[in-house]
Amino acid sequence: MRPAERAPDPREVRNAAEFVACLQALKDWSGLTYRELAARAEARGEVLPRSTVANMLARATVPREELLVTFVRACGVEPGGLEEWQAVRKELAVRGVYEPVAADPVEGADPVEGADPVDGAEPVEGADSAPAAGPSVVWPAGPAESPDGAPDARRPGPRSRIRRALVATVALTGLVLAGVSVVAVLRDGHGAHPPRTLTAPAAGDVRIRVIGQDLCLGERRGSRSGQIHQVPCADAKVPLYSLKETGGDRWRIVSDHPDYGPGCSGIPSGGRIPDAAYEDSECGDPSRVEEFALEPYGTPVEGYRIVPAGSATSGSCVTVVGDRSAAWARLAQAPCAPDAAGQLFSFDRRSP
């Protein structure tokens with residue numbers, strides 16, 4: 001647990017998927033491993049198997065209330081905070097969404113200067129309408145006439161309007177030309193990332209790179225969840241990966257973590273959960289899928305899929321989920337897509 005950081009607040013979520021993500025954040029905040037959580041629960045006379053927690057965090061539905069209570073207590077949440085978790089879970093279980101009630105305004109309080117009007121409020125008589133968004137306009141010199149024929153410096157004259165129109169046209173033309181130039185630069189390959197060589201799987205030290213991105217697989221330093229993310233390749237140093245052949249065209253992806261030592265990448269619960277997390281943990285757990293087929297995709301080969309061998313969810317591939325162009329998007333088991341989007345990798349050689 002990190003006392004300097006605020007524990008995740010379940011009241012900030014809006015749906016079941018965000019609730020489960022908040023539970024994962026709570027586990028990360030606690031700093032406890034699955035085994036340590038189980039030990040804490042056992043000390044209270046409760047049961048919290050590691051596989052049960054892994055299943056809960058891999059689903060997109062809210063957990064049973066008794067499981068939630070045991071887990072949240074084990075993570076170190078105080079009784080008052082536990083009630084908040086229960087209230088949000090109940091709302092999601094009943095309605096499918098969580099919408100906290102907004103606080104009522106204090107009676108008689110004056111509105112905050114510059115605040116937006118409340119929906120349905122009557123406009124103040126004689127008040128000017130709000131100005132359009134955007135920078136203030138400074139009118140060029142040259143007064144125009146007011147309706148009574150007198151000069152009126154508040155309104156631009158015809159020449160000022162023509163001048164503004166010309167300036168706007170020139171600016172728009174410049175933006176269009178700039179856009180065309182950028183497209184041409186990218187099309188020619190100038191300014192873009194230099195193409196990288198695709199590397200086939202081979203036993204030994206590797207850096208697992210996501211095809212189409214300058215991102216590689218790794219963990220968040222300090223997190224004990226073992227969740228694997230895509231991170232900038234320059235920062236992909238935790239853990240270090242290597243490939244080990246296990247026979248029958250199967251591979252084990254071995255991890256070497258600076259804090260937790262050697263381990264293996266895998267899918268929890270035998271792959272029975274379709275969207276189970278792809279994570280690093282201790283090797284040899286019989287409940288995990290720890291062997292993979294590394295299958296080439298495309299002709300010529302565009303990349304290699306990481307296919308869990310013997311997963312209970314057939315037709316699955318290790319997949320970048322969420323925003324596939326963003327760093328720290330997580331990886332999980334998902335159906336192998338026809339276009340292999342987010343499912344192709346290169347096993348670049350890594351120097352010792």
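The set of residues from segment 39-70 being touching a Ser or Thr at 6+ places or on another chain (Cβ under 9 Å), surrounded by 14 or more Cβ atoms within 10 Å (Cβ to Cβ) and among the hydrophobic types (A, V, I, L, M, F, W, C) comprises A41, L48, A54, L57, A58, L67. For V53, the requirement of being under 22 Å from L92 (Cβ atoms) and β-branched (V, I, T) is met. For segment 39-76, name all the residues that are farther than 18 Å from R224 by Cα, assigned to a loop (DSSP other than H, G, I, E, B) and more than 23 Å from the chain's Cα centre (by Cα). Across segment 39-76, the qualifying residues are R44, G45, E46, V47, R64. Which one is nearest to the chain's Cα centre (by Cα) among residues in segment 218-268 that are aliphatic (A, V, I, L, M) and more than 21 Å from Q24 (Cα to Cα)? The residue in question is A236.
Restricting to segment 216-255, and then to whatever is of a type in the set (D, E, K, R) and surrounded by fewer than 17 Cβ atoms within 10 Å (Cβ to Cβ), can you tell me which residue is nearest to V321 (Cα to Cα)? Spell out how you get there, then give the answer.
Start the filter on segment 216-255 by keeping residues that are of a type in the set (D, E, K, R), which leaves 219-221, 224, 235, 237, 244-245, 249-250, 252.
When the remaining residues are screened for being surrounded by fewer than 17 Cβ atoms within 10 Å (Cβ to Cβ), the result is 220-221, 235, 237, 244-245, 249-250.
Numbers: R220: 16, R221: 20, D235: 20, K237: 21, K244: 26, E245: 27, D249: 26, R250: 24 Å.
Checking each candidate, the answer is R220.
As a summary of the residue check, A200 satisfies the conditions (1) part of a strand (DSSP E or B); (2) surrounded by fewer than 21 Cβ atoms within 10 Å (Cβ to Cβ); (3) in contact (Cβ under 8 Å) with a residue 24 or more places away in the chain except for the one numbered (1). From Y278, Y297, Y260, which residue is in the same structural domain as R209 (by TED's automatic domain parsing) and crowded, with 20+ Cβ neighbours inside 10 Å? Checking each option against the conditions leaves just Y278. Does G284 meet the test of being outside any loop (DSSP other than H, G, I, E, B) and farther than 25 Å from R324 by Cα? Criteria not met by G284.
Examine segment 14-31 for a residue that is surrounded by fewer than 19 Cβ atoms within 10 Å (Cβ to Cβ), touching a Ser or Thr at 6+ places or on another chain (Cβ under 9 Å) and either in the same structural domain as T319 (by TED's automatic domain parsing) or more than 22 Å from E279 (Cα to Cα) (or both), and state whether such a residue exists. No, every residue in segment 14-31 fails to be surrounded by fewer than 19 Cβ atoms within 10 Å (Cβ to Cβ), touching a Ser or Thr at 6+ places or on another chain (Cβ under 9 Å) and either in the same structural domain as T319 (by TED's automatic domain parsing) or more than 22 Å from E279 (Cα to Cα) (or both).
The values are calculated or read from the model by the stated rules, or taken from the named source; none is laboratory data. Source: prediction; values computed, not measured. Please note: Cβ atoms are built from the backbone with ideal geometry, for glycine as well, and neighbour counts cover all protein chains shown.
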